[in-house]
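A short reminder: the numbers here are calculations on the coordinates, not readings from a lab. Because the structure is a prediction, the values reported are computed rather than measured.
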Amino acid sequence: MKYLFKEILASFREHGMRVTSQRKRLVSIILQNPDLSPKEIFYIAQKKDSSIGRATVYRLIRLLQELGYIGRHYIKIVPNRNAPAASFPT
């Protein structure tokens with residue numbers, strides 16, 4: 001994990017991006033918790049550093065996607081076949 005952390009930071013520098021303390025903290029959180037949603041990452045980050053905003057989290061995630069370090073996962077919601085059908089008043 002430490003190697004990947006250094007590799008990501010080097011990639012930021014290589015692409016002319018700043019390596020801020022907020023970015024370091026967020027990359028560390030993401031590497032320690034790879035299955036979290038952006039919202040969950042934001043809540044953890046807020047506990048550690050209240051200056052990290054939601055936009056910072058989403059920008060970093062988009063940046064990591066563009067650099068190829070993380071992928072985007074979609075969840076398909078399938079209706080429960082055993083659940084009673086919802087009835088709506090007419």
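Points to keep in mind about this one:
- Share of Cα-Cα pairs in region 27-72 lying beyond 15 Å, as whole percent: 36
- A P(r) calculated from all alpha carbon pairs of region 1-51, with 10 Å bins opening at zero, reads 25, 50, 25, 0 percent.
- Residue-wise HN-Hα couplings along region 36-45, as the Karplus relation 6.51 cos²θ - 1.76 cosθ + 1.60 with θ = phi - 60° gives them from phi, are 7, 7, x, 5, 5, 4, 4, 5, 5, 4 Hz; Gly and Pro carry x.
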